[in-house]
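A short write-up of the structure that comes next.
Please treat every number below as a calculation from the coordinates, not as lab data. Quick caveat: nothing in here was measured; it's all calculated off a predicted structure. Cβ atoms come from the backbone with ideal geometry, glycine included; neighbour counts cover every protein chain shown.
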């Protein structure tokens, strides 16, 4: 086969969807103003459509550059624990539904049996019906750091880090929490980035 110098065309989304067995969500349709039905796509299909559009509308070199820039920005934000100055509000799952809480209000989270207890700046507590691992994934790029198997802290509420007795933190509400030995390196790295930021 002769090399024409052109990049091979990527597989179509239809082929990818068929290969992965992704089903279009036909149970939900919405009407546009004109009365025409609008197809609702599953999250997986939407991601694939986005990738197909990127592959068709940009060169591979441009796409690689965009991906590298997005990756670098993500790493930088994660290491700094940076989030925008606008309050970020997240719907946290609770027993009765969702509790919408501004992240700047959360001082720390503590794992307790089958739930997570959020301690807020207004002395309120909220019990989440998800695991600490789930919570960590949701907020780690938004200024939070897991310092212990049972504790995740908001770095914006960190008042002191004391190296004595293995190291512990003091938060804005006066709560002192020890830093676990296996989480210490990551925590110190985040502190170093906070000093620079």
If neighbour count is taken as other Cβ atoms inside 10 Å, put 108, 161 in order from fewest to most.
161, 108
For each of 194, 63, count neighbouring Cβ atoms within 10 Å of the residue's Cβ, then give the residues from fewest to most.
63, 194
What's the exposure ranking of 133, 96, going from fewest to most Cβ atoms within 10 Å?
96, 133
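Report the full-extension gain for the segment residue 150 to residue 181: residue separation times 0.36 nm, less the Cα-Cα distance, to one decimal in nm. Kindly include the intermediate steps, with their values, before the conclusion.
Numbers: separation 31, 0.36 × 31 = 11.16 nm, distance 1.32 nm.
My answer for the length gained is 9.8 nm.
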